[in-house]
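The values are calculated or read from the model by the stated rules, or taken from the named source; none is laboratory data. Since we're looking at a predicted model, the values are computed, not measured. Quick reminder, even Gly has a Cβ in these numbers, built from the backbone with ideal geometry, and neighbours come from all protein chains shown.
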Amino acid sequence: MMRITVIAALILILFALPAPSYAQKPALTPPMGWNSWNHFACKVTAADVRAAADAIATNGMKQAGYIYVNIDDCWQGTRDDKGMIRPNDRFGDIKALADYVHSKGLKIGIYSSPGPKTCAGYEGSYGHEAQDAQQYAAWDIDYLKYDWCSAEKVYKPEQLQEVYTKMHDALQKTGRPIVFSLCEYGYGLVWRWGTAVGGNLWRTTEDISDGYNRMSVIGFQQNGLEKYAGPGHWNDPDMLEVGNGGMKHDEYITHMSLWCILAAPLLAGNDLSKMDPDSLAILTNKEVIGVDQDPQGIQGHRISEEGPLEVWAKPLADGAYAVGLFNRGESENPISLDLAELGIHGAAQVRDLWAHQDLGQFTGKFIAKVPKHGAVMAIVK
């Protein structure tokens, strides 16, 4: 009888325990936010970061899911006599800056390199990994972009995993949940080992730039990497260029549509304080963002290709599919989706996510006219 009573008591205790908290597990959906590099590069200041936080908090981006306000390269000053990293004069008090960003209900990110110097020649983390991790935690940092750069001067290519593991372990020891972004440009087939070294996202390519050709080469070459992505660990084809002015409206529609089909991190890279309404509308389309942030976390893939015309699909948690029809050609073209490619052999409902419009029921095929360098993005169910 005593034995049964004890077992019963243990069962009651187990059921009384709170369910495991997943809130502390970072990047269960692709991280969303802003990064300073694409627009500000090395001219960035603490004032620019505060302005970005102000904009996100007030222009609808926060409500759309943009949370991280990330400082890229060029914030570092020198180290003190104990080896602790200090910010330069353009940034001053990083903790105060973090507090300001947090006061807006947002999170803050920072940047370093495993090498002696960053890409721009500022102080890297080489030999100071544990110190820097502790300092970031003391500043209440939420996200670290760790950029290979000068690491190639002190490490061999076969040490990539070892180097990134070292910083991951240092971050873990701080006890603070910090999203770990591996920036190694796809070297060493990072998608195969990024999760094993603690990466929450990893760059799969060299840097993006604000032009259709570069963006499309990077985005469309992601096909085949989908099996390596999922909740907590994402392929990263680099930051968004929407709003920086180098592409036309339809090209930015392609950019945003493709990144969302890819379940890619969505890190805006423009000057949020001077954003035009069209750019804001592209960045905050909640239906399109919903595809990127789908909780099932499946990265989309190409299902058909005919010359410059491509069809991509991404399964969603509710059983529907997000579909992207992309025209990489130089004139408007009709693009056809064969519903059987999605396993649909009867009728299907189609909703255009950019037009916010239900298009009706289709059987067999769905065909849409797509402008030069443009895209149609739809939900099919």
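Of the candidates ALA317, ALA340, the single residue that is under 27 Å from the mean Cα position of the chain (by Cα) and either surrounded by fewer than 21 Cβ atoms within 10 Å (Cβ to Cβ) or free of Cβ contacts under 8 Å to residues at least 24 places away in the same chain (or both) is ALA317. If only residues of segment 242-259 that are in contact with a helix residue (DSSP H, G or I) (Cβ under 7 Å, 6 or more places away or on another chain) and farther than 18 Å from GLY324 by Cβ are counted, the one that is surrounded by the fewest Cβ atoms within 10 Å (Cβ to Cβ) is ASN244. Filtering segment 346-376 to residues that are over 18 Å from HIS249 (Cβ atoms) and in contact with a Ser or Thr (Cβ under 9 Å, 6 or more places away or on another chain) leaves GLY346, ALA347, ALA348, LYS365, PHE366, ILE367. Taking (1) surrounded by fewer than 24 Cβ atoms within 10 Å (Cβ to Cβ); (2) closer than 17 Å to ILE108 by Cα in turn, TYR122 satisfies each apart from (2). Reported count of residues in segment 275-294, each being part of a loop (DSSP other than H, G, I, E, B) and not polar (S, T, N, Q), is 3.
Residues to consider are TRP191, TRP202; find the one that is touching a helix residue (DSSP H, G or I) at 6+ places or on another chain (Cβ under 9 Å), more than 21 Å from ILE141 (Cα to Cα) and not in a loop (DSSP other than H, G, I, E, B). Of TRP191, TRP202, the one residue that is touching a helix residue (DSSP H, G or I) at 6+ places or on another chain (Cβ under 9 Å), more than 21 Å from ILE141 (Cα to Cα) and not in a loop (DSSP other than H, G, I, E, B) is TRP191.
Residue count for segment 164-174 satisfying the condition of being more than 20 Å from the chain's Cα centre (by Cα) and under 14 Å from TRP139 (Cβ atoms): 1.
Take segment 220-257 and flag every residue that is touching a Ser or Thr at 6+ places or on another chain (Cβ under 9 Å) and in a helix (DSSP H, G or I). Answer for segment 220-257, where residues must be touching a Ser or Thr at 6+ places or on another chain (Cβ under 9 Å) and in a helix (DSSP H, G or I): TYR228, GLU251, TYR252, THR254, HIS255. Please indicate, with yes or no, whether at least one residue in segment 80-92 is of a type in the set (Phe, Trp, Tyr), buried (at least 23 other Cβ atoms within 10 Å of the Cβ) and assigned by TED's automatic domain parsing to the domain that holds LEU280. Within segment 80-92, none of the residues are of a type in the set (Phe, Trp, Tyr), buried (at least 23 other Cβ atoms within 10 Å of the Cβ) and assigned by TED's automatic domain parsing to the domain that holds LEU280. Close contacts from segment 186-203, counting a first residue that is assigned by TED's automatic domain parsing to the domain that holds LYS227 and a second that is in a helix (DSSP H, G or I) and of a type in the set (Phe, Trp, Tyr), with Cβ to Cβ under 6 Å and a gap of 6+ residues or different chains, come to TRP191/TYR228; VAL197/TYR164.
Does at least one position in segment 145-155 carry a residue that is touching a Gly at 6+ places or on another chain (Cβ under 7 Å), within 20 Å of TRP34 (Cα to Cα) and buried (at least 16 other Cβ atoms within 10 Å of the Cβ)? Checked segment 145-155: at least one residue is touching a Gly at 6+ places or on another chain (Cβ under 7 Å), within 20 Å of TRP34 (Cα to Cα) and buried (at least 16 other Cβ atoms within 10 Å of the Cβ). Scanning segment 39-92 for residues that are of a type in the set (A, V, I, L, M) and assigned to a helix (DSSP H, G or I) yields ALA41, ALA46, ALA47, VAL49, ALA51, ALA52, ALA53, ALA55, ILE56, ALA57, MET61, ALA64.
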